[in-house]
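Throughout, read-outs are computed from the coordinates displayed, never taken from laboratory work. Nothing here was measured: the structure is a model prediction, and the numbers come from that model. Every residue, glycine among them, receives a Cβ derived from its backbone with ideal geometry; neighbour counts consider all protein chains shown.
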Amino acid sequence: MTVEKTDQRFIELQQWLEVQLKQDDLVIESASSDASFRRYFRVYSAQGSHIAMDAPPAQENIKRFVSVANILRIVGVHAPDIIAGDYEQGFLLLSDFGKRQYLDVLADSNADQLYGDAFNTLIYLQSRVAAHTTDLPVYDAALLLKEMELFSEWFVQKLLGIQLNQEQQTMLKTSFQRLIDSALAQPQVCVHRDFHSRNLMFVETDNPGVLDFQDALFGPLTYDLVSLLKDCYISWPKQRVVEWVDDYYQRCHEARIITETISLSQYQHWFDRMGVQRHLKAIGIFSRLNIRDGKSGYLKDIPATLEYVSAVCRLDPELSALGDFIQQIISPAMQQHSGFKS
């Protein structure tokens, strides 16, 4: 990401950082931008390295970020420390987890260890947060549906140009409702909501460092696990994912997050359907980022994300119509779309 010299927000951020760090010769470089309006910069000073967040107040709520960060640290999740903040301008100064995302370091040889560390973090989220707050919103049916409708609006209609007929609209509505029912039938816990390899940082102590948690809420038990194990940015053999789900299921029992009345097969069923809901949402968001925000790089992640959906639909009779729609209508349209041609 290039910072223009005429970037007024960057100029204001730099001035603010000079005051906070009591130094006027800071070295500031781009750290990352995400799928929102936030930007992140790495700041080098005599005090070491920090991360600065630029979150325009009109679009982003840094108070929520700070609030959730405080909750997570209380329960043992390794969220960044808040060094300083200016709510009016939308600036935060944070501790720095370094440059190594899980996505950068995950390999066959270390995946069990790294995911094991991530499982520990999820257990803290799911077993401890409720005791410290009741302020988080609820992941209700309306929000679950709104997210899946991003798939219909931004991917199917706006990106691929498919006009849905009445039969197709009814099929999607029925499929969405089944996914909603499955999500709401699960135990409800704290959900990070974007718990994947780009938001987990590999750190030497208290791994992983956790980022992008400001949209946390109370919702379905399997949501974060499916975000992690059916990641839009990295995929694993099916059997390995099944083994990790089994491992985490056992950990949930040990932590008393679930009772013996919930079988492994029920948990796996919830996990698979939760993945369909999340991946439909993600595909819609990737499409919107391309169309509305000019961020075309996310298009390359759609085919693998859509395959997660298709794989579940092939094995779930109640979602077979959705699978047929993807195979017969979506796939041919993607083959004709310039964004998916190699």
Query - Relative contact order for region 92-243, counting Cα pairs under 8 Å that sit 6 or more residues apart, in percent - result: 33
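Determine Rg/Rh for region 236-321; Rg is computed over alpha-carbon atoms and Rh is the Kirkwood hydrodynamic estimate from the same atoms. Don't skip to the end; give the middle numbers.
Details: Rg = 15.9 Å, Rh = 14.7 Å.
Radius of gyration over Kirkwood radius for region 236-321 works out to 1.08.
Place a +1 charge on the Cβ of each Lys and Arg in the chain and a -1 charge on the Cβ of each Asp and Glu, then give the dipole magnitude about the Cα centre in debye, rounded to the nearest 20.
600
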Report task. Would you kindly work out the equivalent ellipsoid of region 173-271 from its C-alpha gyration tensor and give its semi-axes, the square roots of five times the eigenvalues, largest first in whole Å? Result -> 22, 17, 15
Report summary line: Measuring from the longest principal axis of the C-alpha atoms of the chain, the long axis of helix 264-291 (C-alpha) lies at a number of degrees, nearest 10, equal to 60
Requested in this report: Determine the distance separating the Cα centre of region 281-338 from the Cα centre of region 214-245; give it in Å without decimals.
Outcome: 18
Requested in this report: With 10 Å bins from zero, work out the P(r) of region 190-342 over every alpha carbon pair and list the percent per bin.
Outcome: 10, 35, 36, 16, 4
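At a Förster distance of 35 Å, what's the computed FRET efficiency of Q177 paired with Q157, Cβ-Cβ distance as r, to 0.05? Display every interim value, and only then the final one.
Values: r = 20 Å, r/R0 = 0.56.
Efficiency, from the Cβ-Cβ distance: 0.95.
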Report summary line: Debye calc, one equal point scatterer per Cα of the chain, no solvent, log10 I(q)/I(0) at q = 0.12, 0.13 1/Å comes to -0.92, -1.07
Requested in this report: Note the angle between two axes, namely the Cα long axis of helix 8-21 and the longest principal axis of the Cα atoms of the chain, as a number of degrees from 0 to 90, rounded to the nearest 10.
Outcome: 60
Report task. Could you work out how far helix 62-74 tilts from the main Cα principal axis of the chain, as a 0 to 90 degree angle to the nearest 10? Result -> 80
Report summary line: Extend 7 Å from the Cα of D135 along its Cα-to-C-beta direction; within region 38-72, residues with backbone N under 17 Å of that point are 61-72
Query raised in the report: Hull surface divided by four, with the convex hull built on the Cα atoms of region 8-95: how many nm²?
Result: 5.8
Query raised in the report: If the label point is 7 Å along Cα→Cβ of S263, which residues in region 150-187 have backbone nitrogen under 19 Å from it?
Result: 182-183, 185-187
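Roughly how many debye, to the nearest 20, is the charge dipole of region 79-203 about its Cα centre, given +1 on each Lys and Arg Cβ, -1 on each Asp and Glu Cβ, and no other charges? Walk me through the numbers on the way to the answer.
On the way: 9 positive and 16 negative charges, 52 e Å.
Dipole about the Cα centre, nearest 20: 240 debye.
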Query - Estimated inter-spin distance, D7 and Q47, nm [label 7 Å along Cα→Cβ] - result: 2.2
